[in-house]
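Notes follow once the structure below has been shown.
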Amino acid sequence: MTGEHSRLTGIERALAELDKVLGAAPVDRREVPFYGPTMLQSMNEKDQAMALQSEQARYEANPEDTAVHFCLTSAIALLEVSQVLLNRSESLSPQDRERQWKTLVAYTKTAGRSAYRAASILTDQKD
């Protein structure tokens, strides 16, 4: 088994385990609100305030489980990016390569935002 194949296999196992953990976590993914900047910009001021209030209320109701959810989401997104980078094909068309790159950037941003949300929730609990 080559080193790269071994890393890919390890990442696949880690992803499968994290998916199980995320699926078994007490927080239902659909119940964890998160309104990113793009979504908030598309809302009027009243809807933005309501969205942020519902997001904050959910976090305050169950901060530890919500932080765990965001930590796992971040880890999964980064592992998926790593998996694609290790599996990249040189035979992609320039259009497909650009599309894949944009997807990797989006997943990396998701990971960063999720980690930031977890940190914010934990910081709010400390204060």
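The values are calculated or read from the model by the stated rules, or taken from the named source; none is laboratory data. Note that the structure is a prediction, hence the values are computed from the model and not measured. With ideal geometry, Cβ positions are generated from the backbone for all residues, glycine too; neighbour counts draw on all protein chains shown. For the accessible areas, the whole protein counts, side chains as well, though only heavy atoms, and no ligand, DNA or RNA atoms are used. Shrake-Rupley method; radii C 1.70, N 1.55, O 1.52, S 1.80 Å.
If the segment from GLU45 to GLU12 were pulled out straight at 0.36 nm per residue, it would be longer than the present Cα-Cα gap by 7.6 nm. Qualifying trypsin sites (Lys or Arg not before Pro) in region 83-127, where qualification requires a DSSP coil assignment and no more than 13 other C-beta atoms within 10 Å, comprise ARG88. Taking R0 as 41 Å, what FRET efficiency do you get between ASP124 and LYS102 from their Cβ-Cβ distance, rounded to the nearest 0.05? Calculated value: 0.80. Basic side chains Lys and Arg get +1 at the Cβ, acidic Asp and Glu get -1 at the Cβ, and with that the dipole of region 61-127 about its Cα centre reaches some 240 debye. Computed with every protein chain present, the accessible area of ASP47 is close to 70 Å² [probe 1.4 Å].
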